[in-house]
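Notes follow once the structure below has been shown.
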Amino acid sequence: MTLQTDLSHRVALVTGASRGIGRAVALALAEAGADVAVNYRERAAEALAVVTEIQALGRRAIAVGCDVSDSAAVTDMVARIAAELGAIDLLVNNAGIAIIRGIDDLTETEFDTTIAVNLKSAFLCTQAVLPHMRARRWGRIVNVSSGAARGAGGVGLHYNASKAGMEGLTRGYAARLVKDGITVNAVSPSLIETDMVKSGLASSPARIPMGRFGTSEEVAQAVLMVIGNAYMTGQTVQLNGGMSFI
């Protein structure tokens, strides 16, 4: 039995993959042998740079612009990926936004947008890839959550709700897809050194027991781990430097 994750001949879609955690996950999947569709909404140049990095690893890759909170756009994206790379075997729902707001400043539009981008998108993308996964009786879905799903967090209650919902979605799908050969897990990072954190969410890692921010590559390592473990499903793996043990 080999413990190395071999994703040769697999096709992956990583949403929000033009930078940060998504970029690191896309590269890790390519290093494990997968061909990768790099989804982005606005950062086309950065997404194309990720594609170039993946191609340098000897894997196929395309950049796919799509608002993953739009059902028609998701349907078109999945069809394009199938036509250019093949049907999707691996889905990493990473796309998200973090609008920092207090409870008295949060607007209804901001709440709705956060739920749509962070939670509804995971539902739409998962529904779109399930027919192929079920037909092959093999699939791996990983949802990128956050410690805010269980704690107060620093973004706002709208973000809390979206990430808690994502973990509920993870368990719901896992229970219903386990007999189809599809695993569904979540990875829950807190205070990773990304643009979101550096832009004001946390100015220093002082409250992290490990004494430093996490890295996007460490999150990608956890994603690869749950993909490679065929017996793990419905679980949430936390990466938080020892801040909590829930």
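Scanning region 39-88 for residues that are of a type in the set (Val, Ile, Thr), within 18 Å of Val25 (Cα to Cα) and assigned to a helix (DSSP H, G or I) yields Val50, Val51, Thr52, Ile54, Ile81. Filtered by the rule that a residue be of a type in the set (D, E, K, R) and over 16 Å from Ile192 (Cα atoms), region 149-167 gives Arg150, Glu167. Applying the set (1) over 23 Å from Ala222 (Cα atoms); (2) free of Cβ contacts under 8 Å to residues at least 40 places away in the same chain; (3) basic (Lys, Arg) to Arg59 leaves exactly one unmet item: (1). Annotation: Gly58 fulfils all but one of (1) of a type in the set (Gly, Ala, Ser); (2) closer than 24 Å to Ala174 by Cα; (3) surrounded by fewer than 18 Cβ atoms within 10 Å (Cβ to Cβ); the unmet one is (2). Filtering Gly200, Gly165, Gly172 for residues that are out of contact with any helix residue (DSSP H, G or I) (no Cβ under 7 Å at 6 or more places or on another chain) and at pLDDT 85 or above leaves a single hit, Gly172.
If you go through region 147-180 and keep only what is farther than 16 Å from Phe111 by Cα and hydroxyl-bearing (Ser, Thr, Tyr), you end up with Thr170, Tyr173. For Ala164, indicate whether it is over 14 Å from the mean Cα position of the chain (by Cα) and without any contact (Cβ under 8 Å) to a residue 24 or more places away in the chain. Here the answer is yes, as Ala164 does meet what is asked.
Whenever a residue of region 6-33 is at positive phi, its partners that are crowded, with 23+ Cβ neighbours inside 10 Å and not in a helix (DSSP H, G or I), lying with C-beta atoms within less than 7 angstrom and at least six residues away or across chains, give the pairs Gly16/Asn39; Gly16/Asn94; Gly16/Ala95; Gly16/Gly96; Gly33/Leu7. Exactly one residue out of Ser190, Ser121, Ser145 is closer than 22 Å to Ala26 by Cβ, modelled with pLDDT under 95 and within 16 Å of the chain's Cα centre (by Cα): that is Ser190.
If the condition is being acidic (Asp, Glu) and either in contact with a Phe, Trp or Tyr (Cβ under 8 Å, 6 or more places away or on another chain) or under 20 Å from Trp138 (Cα atoms) (or both), then region 1-60 contributes Asp6, Asp35, Glu46.
The values are calculated or read from the model by the stated rules, or taken from the named source; none is laboratory data. Note that the structure is a prediction, hence the values are computed from the model and not measured. Please note: Cβ atoms are built from the backbone with ideal geometry, for glycine as well, and neighbour counts cover all protein chains shown.
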